[in-house]
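The values are calculated or read from the model by the stated rules, or taken from the named source; none is laboratory data. Every value quoted in this text rests on a predicted model; they were computed, and no experiment measured them. Here the Cβ is made from the backbone with ideal geometry for all residues, glycine too, and neighbour counts use every protein chain on show. We work out accessible area using only protein heavy atoms, side chains counted, and drop any ligands, DNA or RNA first. Shrake-Rupley method; radii C 1.70, N 1.55, O 1.52, S 1.80 Å.
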Amino acid sequence: FSKDGHWYHDGSPVTHQGLASYLARNLAWSGEAQCWGIPSGGWFIPVEIEDTPFIVLGIDLDLPEPAVQLSDETIQEFNPAGLRFGSDDVPYVSIKNSSAPGGKIEARFSRSAMQSLISRIEEKEGEFYLTVGAVPVRIRL
């Protein structure tokens, strides 16, 4: 699973949308195998994760409960306190509790979700604020 949210098998992209969707919806952490993978018919197929196991595909900061849409086709609550920016200036957010190491899972923002997020960030007197609804929330960059 690539850092930009694409699935690959033996170096070739998975182009069948139904298969890619199936893989995204079924990606799970195995405490026994200590890795991410796809459970299938009593088997567990390990998956190499390039960066994060989930990608933020969209963000809606104007909902009563701000939310992100993830690559596994779920909607998760967005908490600005869980937002961080990586060394390559790409935003990440804590999203799900898990039995994976660390307990909390991060999702990397896709390019389009990142653009939506950045359009809501303003600098005021050396501090950065993300507008959530109509409320500016101070964030770390």
Among residues belonging to segment 93-110 that are more than 16 Å from residue 66 (Cβ to Cβ) and at pLDDT 95 or above, point out the one that is surrounded by the fewest Cβ atoms within 10 Å (Cβ to Cβ).
-> 110
Of all residues in segment 23-32, count the ones that are open to solvent by 90 Å² or more (accessible area, probe 1.4 Å) and in a helix (DSSP H, G or I).
-> 1
Would you check if there is a residue in segment 67-75 being among the polar types (S, T, N, Q), outside any loop (DSSP other than H, G, I, E, B) and open to solvent by 40 Å² or more (accessible area, probe 1.4 Å)?
-> yes
All conditions in (1) open to solvent by 60 Å² or more (accessible area, probe 1.4 Å); (2) in contact with a helix residue (DSSP H, G or I) (Cβ under 8 Å, 6 or more places away or on another chain); (3) over 30 Å from residue 129 (Cβ atoms) are true of residue 15 except (2)
Filter pass, residue 18 being at pLDDT 95 or above, small (Gly, Ala, Ser) and not in a helix (DSSP H, G or I) | no
Residues located in segment 33-50, provided they are part of a loop (DSSP other than H, G, I, E, B) and at pLDDT 95 or above = 47, 48, 49, 50
Residue 62 fails exactly one of (1) open to solvent by less than 80 Å² (accessible area, probe 1.4 Å); (2) under 30 Å from residue 137 (Cα atoms), namely (1)
Looking at segment 67-78, is at least one residue hydroxyl-bearing (Ser, Thr, Tyr) and touching a Ser or Thr at 6+ places or on another chain (Cβ under 9 Å)?
-> yes
Could you list, in sequence order, all residues of segment 103-129 that are assigned to a loop (DSSP other than H, G, I, E, B) and among the polar types (S, T, N, Q)?
-> 110, 119
Could you grab the pairs with beta carbons closer than 7 Å, sequence gap of 6+ or different chains, first residue in segment 40-68 and among the polar types (S, T, N, Q), second one open to solvent by 30 Å² or more (accessible area, probe 1.4 Å)?
-> 52/106
